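Read through the structure below, which is laid out as structure tokens, and then see the notes.
Rule-based calculations on the coordinates, nothing more; no lab input. Note that the structure is predicted; figures quoted are calculated from it, not measured. Ideal geometry is used to build each Cβ from the backbone, glycine not excepted, and the neighbour counts take in all protein chains shown.
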Amino acid sequence: MCIRDRSEGALVIPVARETDKKEMPPLILLKSDGAVLYGTTDLATVIDRVGEQNPDLILYVVDHRQHAHFEQVFRAAEKANLNGHAVLEHVGYGTMNGPDGKPFKTRAGGVMKLYDLIAMATDEAQKRLTEQGLGADYSDDERGEIARKVGIATIKFADLSNHRQTDYTVSYTHLDVYKRQPQWPCRARTCRLRNDERPGRQTVQDARGRRDETLRSHRDGHG
């Protein structure tokens, strides 16, 4: 059975199904000028992986904007029986966008560096610690270390609190869980109490007692 076709001089594989709710264009194998696109090389990769590894499952972890493309590739592979017994699945994820709302383009440059983001989060944490009057009896170095830990924890929380497929803008407006999440002072106090557990500060038991008291106060709405 021939599964390929000609369309305006290009060699294609029709992949549309009667159950499709939206139009599904054919996968282009060869353009009219003889050039190939990603779809062709993706099919070649399926052939190679099936031949070399014979997998049960092949996952494509690529942002969700490529979903239609991979649907074309998967249908073409199954139609041509290129995937063997492997299930082909696209694991899409959301994009990280700049302040203009457009996805970062790593090849074009201009992506925010991680150390810049950490520095921004640390500065903001330092400011919030001062506003809340936390760690005033600590040295500048100690308060700076607490601010750095809180800042990094904030970045992790802001990233992991999003659904995998959700787009989000990388800015401190997005990362500012200090305003959106009332438990951040509790985190700061916990960092401080962890620091208190070092030799020479006070006993571990005293530090843990203070920490438990802080947690109870926050839970009861007084922290």
Item to check | Gained length - E145 relative to R49, 0.36 nm times residue gap less alpha-carbon distance | outcome: 29.8 nm
Checklist entry - Expressed in nm to one decimal, what extension gain is obtained for the pair L57 and R164 from 0.36 nm per residue of sequence separation less their Cα-Cα distance? => result 36.5 nm
Checklist entry - Arranged by the count of other C-beta atoms within 10 angstrom, fewest first, what order do H85, H64, H90 take? => result H85, H64, H90
Checklist entry - What ranking do S7, S139 get, fewest neighbouring Cβ atoms within 10 angstrom at the top? => result S139, S7
Item to check | Hz values of 3J(HN,Hα) by residue in region 149-159 - Karplus curve (6.51, -1.76, 1.60), Gly and Pro given as x | outcome: 5, 5, x, 5, 4, 5, 4, 4, 4, 4, 6
Checklist outcome for this item: Kirkwood Rh for region 5-93 from C-alpha pairs, in Å, is 13.6
Checklist entry - Measuring from label point to label point, each 7 Å out along Cα→Cβ, what is the T130 to M24 span in nm? => result 5.9
Checklist entry - Between their Cα atoms, which of K105/K149; K113/K156; K127/K149; K127/K156; K102/K127 are more than 25 Å away from each other? => result K105/K149; K102/K127
Checklist outcome for this item: Ranked on Cβ counts within 10 Å of their own Cβ, fewest leading, E71, E8, E89 go E8, E89, E71
Checklist entry - Mind ordering 13-21, 76-84 by average Cβ neighbours within 10 Å, highest first? => result 76-84, 13-21
Next on the checklist: Testing the spin-label approximation: label points 7 Å from Cα along Cα→Cβ at H64 and K113. State their distance in nm.
Outcome noted: 3.2
